[in-house]
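None of the figures in this text is laboratory data; all of them are computed from the coordinates on show. Keep in mind that this is a model prediction, so the values were computed, not measured. Here the Cβ is made from the backbone with ideal geometry for all residues, glycine too, and neighbour counts use every protein chain on show.
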Amino acid sequence: MYKDFENANKTHCNVPNVFPSISASIGNYEPQSTIWKTAIYFHAPVRMFMIFLRWKYFRGVIREDCDIIVNIVVFLNVIENLALVGLTYWTSSENYSYHEKCFKTFIGTSLFYMLFICILLHKYRRRPLVQKEKYSVKLKWRFFAVKVTSFALAAYFFLRHNRMCEPYVYSMFGLAEYIVVISNIAFHSTTVYDIQINFIYFTKQGFTTELF
């Protein structure tokens, strides 16, 4: 927006807007595009390692008869992260079809993952919740609700913009999209209350962790 406000907010029907979508603000401009892609690619292995740590935690606190469900849910989280890499690689301006498919996959898998994890951690535990875990589950439910609401609004504004081309409707879509992303990040950040790890080291032997 700072470098090129007009083009960042430009849409196919040329109605006025003041807030671009994430794809519009990053995918078409340098150095934003390179910085974004580098950050996503560099962080992808770390995200996968965190999925592994969460999987170990889930297997330890969720009932044994739910192991298959836990594995399926964690697999959804893996697909979510692969879809994030995909929608970063295929930008909306260069390959809209693939970008759209990756975005839908990202949203779908992330929502189902969040829902099932909230249910499993709340209802199907091996042991009672400790105080930090209670707080973590409460936050998870809240961030899930925010994401569902903001995604519903984003979908509504996107469809309305494409159908009616009203001024500033695409800006509302962009704002809702940012809230979707922030709530997704916030949900995963609750991992700090679940996994009691102080440091993660990368050595010649691989990843090692240091517990509190």
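Please work out the Cα convex hull volume for the stretch 53-125 and give it in Å³ per residue.
Details: hull volume 4.7 nm³, N = 73.
Output value, Cα hull per residue: 65 Å³.
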>> Loop only by DSSP, 16 or fewer other Cβ within 10 Å of the Cβ. Give me the GluC sites (Glu not before Pro) in the stretch 78-158 that pass, ordered by residue number.
In response: E94
> Taking θ as phi - 60°, what are the ³J(HN,Hα) couplings along the stretch 129-145 by the Karplus curve (6.51, -1.76, 1.60), each to the nearest whole Hz, with x for Gly and Pro?
Replying inline: 5, 7, 4, 5, 5, 4, 5, 4, 5, 4, 5, 4, 4, 5, 5, 5, 4
>> For the stretch 23-211, compute the orientation-averaged projected area of the C-alpha convex hull (one quarter of its surface), in nm².
In response: 12.5
> Hey, what did the stretch 23-211 get for relative contact order, percent, Cα under 8 Å, at least 6 apart?
Replying inline: 18
> Taking a 28 Å limit on the Cα-Cα distance, which of the listed pairs K104/K134; K101/K147; K37/K138 fall beyond it?
Replying inline: K104/K134; K37/K138
>> Taking loop as defined by DSSP and a crowding limit of 11 other beta carbons within 10 Å, which trypsin sites (Lys or Arg not before Pro) in the stretch 81-163 fit?
In response: R126
